[in-house]
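The values are calculated or read from the model by the stated rules, or taken from the named source; none is laboratory data. In this text the structure is predicted, and so the values were computed from the model without any measurement. In this analysis, Cβ positions are derived from the backbone assuming ideal geometry, glycine residues included, and neighbour counts consider all displayed protein chains.
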Amino acid sequence: MKEGAQKRKVYIDERLFERIRQGDQDAFRELYELSYKPLYAFLLSYTQNSEDAKDLLQDTFVQILKKCDLYREQGNPMAWMMKIAKNLFLMKCRKEKYTDTNYDDMENALGFDGISNADDRIVLEKMFEILSLEDRNMIIMHDISGLKHREIARLMDMPLGTVIARYNRGIRKLQKEFGDKL
Amino acid sequence: MKKKELKNRIECGFSELAPDIFEAVMEEAEIQKVAFCQLKSEDTGMSAQENADILQPEVENSELNDDNLFMLKGRFMKYALSICGVLVVACLCLFVFLANKKDSLYIVLDINPSIQVEMNKSYQVKGIKGLNEDGKSVVKEIQWKKRELVQDLMDTIIQDVVDKSYLHENEGILVTLSIADKNICYDLEDKLGDRIDKKLTELDVQGVTTAFQKVENNSANKGRKVLEEELAKNYGLNQEQAKKMSIMELIQYCQDNTQLELDFSKSSVKGQETQKDKEKVTKEQKTQSKSSQIKETTTQVKQKDSKDEEKSLEDEYSENISEETTVPFKDNESSSGGYERQSQKVTSPTTTTESSAQVTLPVSPQTPVQTTSPASSEPLAESDRTEQQESEGYSSQNTEGSSENDSSDYTVNTEEKEIKYTIEGESEYQININNIDSGKDKDELVYQNIKQITCTSAGNINILFKDKVIYTSSLRVVIRDEKGNDIACRVVKNNKKQMTVSAVGMVKDNRYTIIIEGIHREGSNQAVKITKAFIAKDLMTQSKIRKITVKDMEFVTLEMKSETYYKDTTVKVKDADGNQYDAKIVEKGKDEIKVQILGMKLENSYFITINGIKTYKENNYGSVTKDFNIVYKEIDSFKI
């Protein structure tokens, strides 16, 4: 195990996929435990609907299970898994023709009521309210999933500078919004 | 809030929010019969190896693969469609560009400044370009307008090059026409030639030779370079040498040493012939000086007695009479009633009178008599006559030659119906001129083959022929206004019974004369010239009057809806009873016309008609009519 890799927020051992390929259910369980939270956050950011995000999360893991033998070691399996999640979301969009909804409509759909800590809930609510999809995704991918900016740039087909700028802009907006409130 | 704290809160929030759906995933996997279904069955006794064997085909035929395939297809389709779209747009642009290019006609004027003029088929200028340094400087300084007629531009260019001393007497102008359509080519040659000659005469620059050469539309070379290359390629002239030659030298070289087809303007031809005649006369004088015998021959009135001959001539005349615009010679009452149409290709100074006149020149046995039309239908001034003779292919060689020698003279005795000619030399000519038709008969003959001329609202002229006609390669149509100026026109459609000519610059209700050359009646081989006057009645314009304002009971301002162009503009004002008022245009602007009308009264309604206006897009000038009332509000209130 590489030392640098272990410093990641979410570290997934690439050997897990080998074990899954060999039919090790525990390995899949381990993979799920490590990745389902960031993946859910990422999908929720896209769908802005907890039910849709849940469905897509389920589909993502089924696909991971199906496609695990196609996984090639590339540093961070989280980027690969997020790519699958994103593709599933895009496919769903094509099929259902997603339309933009305003925040009031989606507020209930996000399912933030289930968060016990009010401050956490407010932060998430503001995050979905004031940040654009791209800015929000940058924060989720970097801070929740533990992807490096370079990996995000590759995953999202964006220049590295844009990724960093968007991430910083998102964080600054949130900081400005809350100031000393919390 | 600190960044770290913010990140923690986001992370905590999502941790709490994310549902643990592992069981659901496994159930779904089982439904979809993915690997773990088999892994689960390991518990039921199946080996991991067997599961792995099952996994492989499952993965290969998985739904995701299909979906990915769909995605790929979708993406591919998107890209393919985008590329196709771009290609289609590019093709369209290219087509439009090429179509525009194709529509363009180019002429190159070489004096020393070489200037290229691009124009459309209506001879309206699209752009001009200097091809050398002098050309560029001329182009930079001359004032020209887009859609201006190329003849007008030619005036401006000639004026400029003469002013700047680029063009002097006895120099040459080479006009290169890159036009595929031969008819347009010939037409343009005539028009430009006439205009250049006219301008040079006006500027008193004499002896300038204007030559025309035709090149292929897609020729890479332009102007004199085409000629230089041709001379270098086919006539062994050194290209460097050709480059150093002036335009006049090039033209001269072509005439003397090559068989290249250069056409010349009328005055250039005249000039060249005069020069040749002079040379010839000088030579003749030298050779004949030793045995100068002046042979005087008296022309006498002759009457032909042979009835067969008369009949045959009559038949010939009656066959050609409907096609010929030239005047047939009608028999004198006192004569035996025959038609005689004999004349000489070599010009004799024909003198015509309205009364019956006969001219008989001694006929040379060596010189064959040709039956071409000799003179115009009406008495012409001497200069006109010479011009007409020349235009009809008559040479002035003998006349001028004889006058140089001071040994020829002729007398006309109209009372005795006898014209006497004395011509030096061995050749003897005979012209019998009998009674010339009166104007009425002449008109009937001239217009005989044209049944009807109608003018469409768009400015096309439809000519309906009585008899079926056949067009020769030298078909040429000229439309001339009453002042004698040519109107730009071209044949757009022709068939045996009808011809359509498109014109630019005609004004509604003006009288024009159309001259058609190079056609003949079906069944006849002799090409004729047809002339007919017509009034451009039905021309229309899209110009519209937006608003009329009256000032001081005298000045009426018409505000136009679009930019307006004027030519021979006139104004007519009538009241409701049809009484006409004196009116004149005092100001013509782009968007408004100011008219002064005398004698208008309050509370009367008037109709104002402006003729000779058009919009930017139109070719010809039509008229607009609008009614207006004069009501003074103050006076109305005073009455109440």
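What helices (runs of 4 or more DSSP H), lying completely within the range B:173-266, carry at least 1 residues that are within 20 Å of B:C489 (Cβ to Cβ)?
Details: elements: B:182-202, B:224-234, B:239-244, B:247-257.
Answer list for the range B:173-266: B:182-202.
So how many residues does the range B:137-146 have that are over 18 Å from B:T176 (Cβ atoms) and either of a type in the set (G, A, S) or not in a loop (DSSP other than H, G, I, E, B) (or both)? Steps first, please.
If we filter the range B:137-146 for residues that are over 18 Å from B:T176 (Cβ atoms), which is where we start, we get B:137, B:140-146.
Next, only the ones that are either of a type in the set (G, A, S) or not in a loop (DSSP other than H, G, I, E, B) (or both) stay: B:137, B:140-141.
Count: 3.
Listed here are the residues, each with its yes/no results for (1) facing chain A (nearest Cβ under 7 Å); (2) at pLDDT 65 or above.
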| residue | (1), (2) |
| --- | --- |
| B:I21 | yes, yes |
| B:I31 | no, yes |
| B:S47 | no, no |
| B:N68 | no, no |
| B:M77 | no, yes |
| B:A90 | no, yes |
| B:A99 | no, yes |
| B:I111 | no, yes |
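For the range A:112-132, give me each residue that is surrounded by fewer than 18 Cβ atoms within 10 Å (Cβ to Cβ), more than 7 Å from every other protein chain (Cβ to nearest Cβ) and assigned to a loop (DSSP other than H, G, I, E, B).
A:S132
Could you tell me which of the residues A:L56, A:L90 is part of a helix (DSSP H, G or I) and surrounded by 19 or more Cβ atoms within 10 Å (Cβ to Cβ)?
Step by step, each of A:L56, A:L90 is checked, and only A:L56 is part of a helix (DSSP H, G or I) and surrounded by 19 or more Cβ atoms within 10 Å (Cβ to Cβ).
Yes/no per residue for (1) over 30 Å from B:K121 (Cα atoms); (2) of a type in the set (V, I, T); (3) in contact with a strand residue (DSSP E or B) (Cβ under 9 Å, 6 or more places away or on another chain); (4) modelled with pLDDT under 85:
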| site | (1), (2), (3), (4) |
| --- | --- |
| B:K544 | no, no, yes, yes |
| B:K551 | yes, no, yes, yes |
| B:F555 | yes, no, yes, no |
| B:A576 | yes, no, yes, yes |
| B:Y581 | yes, no, yes, no |
| B:I593 | yes, yes, yes, no |
| B:I597 | yes, yes, yes, no |
| B:S623 | no, no, yes, no |
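Restricting the first residue to the range A:68-79 and requiring it to be within 14 Å of another protein chain (Cβ to nearest Cβ), which pairs with a second residue that is in a helix (DSSP H, G or I) and among the small types (G, A, S) meet a Cβ separation below 7 Å and a spacing of at least six or different chains?
none
Working only within the range A:116-151, note down all residues that are over 17 Å from A:F42 (Cα atoms) and of a type in the set (V, I, T).
Passing the criteria: only A:I122.
Within the range A:38-67, how many residues turn out to be over 18 Å from A:L147 (Cβ atoms) and either touching a strand residue (DSSP E or B) at 6+ places or on another chain (Cβ under 8 Å) or more than 7 Å from every other protein chain (Cβ to nearest Cβ) (or both)? Even if it seems obvious, please write down each step before you answer.
Looking only at the range A:38-67, we keep the residues that are over 18 Å from A:L147 (Cβ atoms), and these are A:47-56, A:58-59, A:61-63, A:65-67.
With the extra rule that they be either touching a strand residue (DSSP E or B) at 6+ places or on another chain (Cβ under 8 Å) or more than 7 Å from every other protein chain (Cβ to nearest Cβ) (or both), the set shrinks to A:47-53, A:55-56, A:59.
Residues meeting the conditions: 10.
Give the range B:515-547 a look and list any residue that's assigned to a strand (DSSP E or B), surrounded by 17 or more Cβ atoms within 10 Å (Cβ to Cβ) and of a type in the set (A, V, I, L, M), or say none.
Across the range B:515-547, the qualifying residues are B:I516, B:I519, B:V528, B:I530, B:I545.
Kindly check whether there is at least one residue in the range A:17-37 that is more than 8 Å from chain B (Cβ to nearest Cβ), under 14 Å from A:M141 (Cβ atoms) and part of a helix (DSSP H, G or I).
yes
With respect to B:L174, is the statement that it is of a type in the set (A, V, I, L, M, F, W, C), buried (at least 16 other Cβ atoms within 10 Å of the Cβ), at pLDDT 85 or above and in contact with an Asp or Glu (Cβ under 6 Å, 6 or more places away or on another chain) true?
Values: of a type in the set (A, V, I, L, M, F, W, C): yes; buried (at least 16 other Cβ atoms within 10 Å of the Cβ): yes; at pLDDT 85 or above: yes; in contact with an Asp or Glu (Cβ under 6 Å, 6 or more places away or on another chain): yes.
Yes; evaluated as a whole, the condition is true for this residue.
Determine, yes or no, whether B:G193 is surrounded by 22 or more Cβ atoms within 10 Å (Cβ to Cβ), touching a residue at least 60 places away in the same chain (Cβ under 8 Å) and within 24 Å of B:S473 (Cβ to Cβ).
Working: surrounded by 22 or more Cβ atoms within 10 Å (Cβ to Cβ): yes; touching a residue at least 60 places away in the same chain (Cβ under 8 Å): yes; within 24 Å of B:S473 (Cβ to Cβ): yes.
In short, yes.
Look at B:V501 and say whether it is in a strand (DSSP E or B) and crowded, with 19+ Cβ neighbours inside 10 Å. Explain how you work it out, then say what you get.
Values: in a strand (DSSP E or B): yes; crowded, with 19+ Cβ neighbours inside 10 Å: yes.
Here the answer is yes, as B:V501 does meet what is asked.
Return the pair list, or none, for Cβ contacts closer than 7 Å from residues in the range B:121-143 that are closer than 16 Å to B:D163 by Cβ to residues that are part of a loop (DSSP other than H, G, I, E, B), at least 6 apart or on different chains.
Note: pairs meeting the criteria are B:D134/B:N112; B:D134/B:P113; B:D134/B:Y166; B:G135/B:P113; B:V138/B:P113.
Show the residue pairs meeting these rules: Cβ distance below 6 Å; 6+ apart or different chains; first residue within the range A:133-155 and within 14 Å of chain B (Cβ to nearest Cβ); second residue buried (at least 24 other Cβ atoms within 10 Å of the Cβ) and not in a helix (DSSP H, G or I).
Every condition considered, the pairs that remain are A:M141/A:L147.
Residue by residue, here is whether (1) at pLDDT 85 or above; (2) among the acidic types (D, E); (3) closer than 27 Å to B:R9 by Cβ holds:
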site: A:L39; (1), (2), (3): yes, no, yes
site: A:Y71; (1), (2), (3): no, no, no
site: A:W80; (1), (2), (3): yes, no, no
site: A:Y98; (1), (2), (3): no, no, no
site: A:N108; (1), (2), (3): no, no, yes
site: A:G111; (1), (2), (3): no, no, yes
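Checking the condition within 26 Å of B:A488 (Cα to Cα) and of a type outside the set (A, V, I, L, M), which residue from B:K225, B:K146, B:K244, B:K136 passes? Don't jump to the end; show me each part of the working.
Values: B:K225 fails: within 26 Å of B:A488 (Cα to Cα); B:K244 fails: within 26 Å of B:A488 (Cα to Cα); B:K136 fails: within 26 Å of B:A488 (Cα to Cα).
B:K146 is the lone residue from the list that is within 26 Å of B:A488 (Cα to Cα) and of a type outside the set (A, V, I, L, M).
Can you name the residue in the range B:111-130 that is closer than 18 Å to B:E171 by Cβ and in contact with a strand residue (DSSP E or B) (Cβ under 9 Å, 6 or more places away or on another chain) and is also surrounded by the fewest Cβ atoms within 10 Å (Cβ to Cβ) among such residues?
B:P113
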